[in-house]
Structures are given as structure tokens and as C-alpha cells.
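Student: Sharing a structure here in C-alpha cells format.
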Amino acid sequence: WEAVGLQHAVLVVGYEQKLIREVVAALDTPLKITWVDNQEYAAKGNTHSMWLGLEASPAGAIVFDADLVYEPAILKRFVDSPEPNSILVGAGSLDDIECAKALVDEGGCVRKTIDKRAITETELQELCFAGEAIGVLKFDASTRAALTTFTETFLSDSANVMLNWEHLFNQFLPAHDIACHFEPSGQWVEIDTPEDYVLALEKFASGAEEA
């Protein structure tokens, strides 16, 4: 992270957090680490975890999913991109039900993400499929503040507390211009299954060349 100019990391932890803290403590990093203990991880979804992290962020923020492995150059290109607010999107397939599919408008702003289901014909008529939302999002200070407030309101409805952040962003994105930053490299893996873990080992543990 520090290689791309990041100086402060907010880590939201809950389940098995002792193991995570031990691994981070063993790292040789100049990053300032702020720990946020999510004591309600078993009763609330990842939107709640994201909100805790946003609240603890001092200015702008880059939000990371915890199950993502990627080539560092991907993050550097994303951080250095001129758009102050953007979502990292990689190549994806309309037929991949599991992936978070990003839909953009004519101006290239992400207006909707779809996860765990197929995109409907109506949705494809209204928006364009851009690829898979990898799980990294960048916000400037004002947008982070707006998203923090919006998320708090969203979570105040008890029906939303277990929903993942796709549902939150599908209410937030239509009213906020968040650019799509497309990453052509395939050197990233979102680890959802044992097969994904094996793929991550193949890509990174052996020092595989970038595709």
C-alpha cells in the first residue's frame, strides 16, 4: 500500500480477529494502522463493516474487499487515475452469476451493480455492462462523507442490516457520479471458493507473469 502513496489503513475486524491482528503485527510497514472492532459481525452484514471503516477514515478513502488478491500495479494505476471517485472494474462475463457486474451510463459512471443473479434485458437496455466490480472503490473527502451519512441512514432500517453493500450502492450510485476505472490486467482474484484460492496460488505464489 505504501508503495502507491497510501499512509493510513483502517482495518475493520470481527471474526477470528486475533489471527488477523497477529499477522498485521508481524508486517514491516510504515502504514499507520487504525483498528476498528466490529463486535456485531455475526448479526450485521458487510455494509455495516464498511460504514465503520468510513466513519474512522479521516478524509478521502479507498475501500477494499478483504477477499481480493491483486498485482500491486493494478492498485497504483487506480490510485493515480485522475477521477476522484471511481470503482475498479475488471473483465467479466454476463454469464457469471457470482460476479458483481458493473453497469454504466453513457458518461462512464457506474449506476448499478448486480451480484448473484443475471442481468435483465431491461437493465441492458438502460445501461451498459462494463465488467466485474473487483471490490476496490475510491472516494474523495466530500463523497466519503456523503456516503458515510447515506450508509448510516440505510442501516437505520432494520431490514437492511444484513444486506451486502450492493444494495446500498444501488441506491447511492444513481445520484452520485462514480466513474468506472477499467483494469485490463487479469492479475487479480476474488477468493470466494476453494477453486479461487487455488487460482490465486497459481497466479501469485509462483510469480506468474502478468497476463
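Student: Please go through region 1-74 and write out the GluC sites (Glu not before Pro) that DSSP classes as loop and that have at most 13 other C-beta atoms within 10 Å.
Tutor: E40
Student: Another one. Using alpha carbon centroids, what distance separates region 129-149 and region 80-107, in Å?
Tutor: With region 129-149 and region 80-107 each reduced to a Cα centre, they are spaced 11 Å.
Student: What does the net charge come to around E16 if you take all other residues with beta carbon closer than 14 Å to its beta carbon, with K and R at +1 and D and E at -1?
Tutor: -1
Student: Rounded to whole Hz and in sequence order, give me ³J(HN,Hα) for region 93-105 from the Karplus expression 6.51 cos²θ - 1.76 cosθ + 1.60, θ = phi - 60°, writing x for Gly and Pro.
Tutor: Each residue's phi maps through the Karplus curve to give 10, 4, 8, 7, 5, 5, 6, 7, 7, 9, 10, 10, 8 Hz.
Student: A follow-up question, please. Report, to the nearest whole %, how much of the accessible area of the chain belongs to carbon and sulfur atoms, 1.4 Å probe, protein only. Spell out each step's value before the answer.
Tutor: Working: 6260 of 11290 Å².
That share works out to 55 percent.
Student: Rounded to the nearest 10 Å², what accessible area does F182 show when all protein chains are kept and the probe is 1.4 Å?
Tutor: Only protein atoms counted, so the area is about 100 Å².
Student: With every protein chain present, what accessible area does Y41 have (1.4 Å probe, heavy atoms only), rounded to the nearest 10 Å²?
Tutor: 100 Å²
Student: How do V23, V10 rank by accessible surface area computed with a 1.4 Å probe, from largest to smallest?
Tutor: Details: V23 95, V10 40 Å².
If we order V23, V10 from most to least accessible, we get V23, V10.
Student: Picking from Q171, Q39, Q125, which is most flexible by a Gaussian network model of the chain using Cα springs under 10 Å?
Tutor: Q125
Student: Out of all DSSP beta bridges with both ends in the chain, state the antiparallel percent to the nearest 5.
Tutor: 60 percent
The values are calculated or read from the model by the stated rules, or taken from the named source; none is laboratory data. Note that the structure is predicted; figures quoted are calculated from it, not measured. Quick reminder, even Gly has a Cβ in these numbers, built from the backbone with ideal geometry, and neighbours come from all protein chains shown. Note: accessible area is taken over every heavy atom of the protein model, side chains too, but ligands, DNA and RNA are not part of it. Shrake-Rupley method; radii C 1.70, N 1.55, O 1.52, S 1.80 Å.
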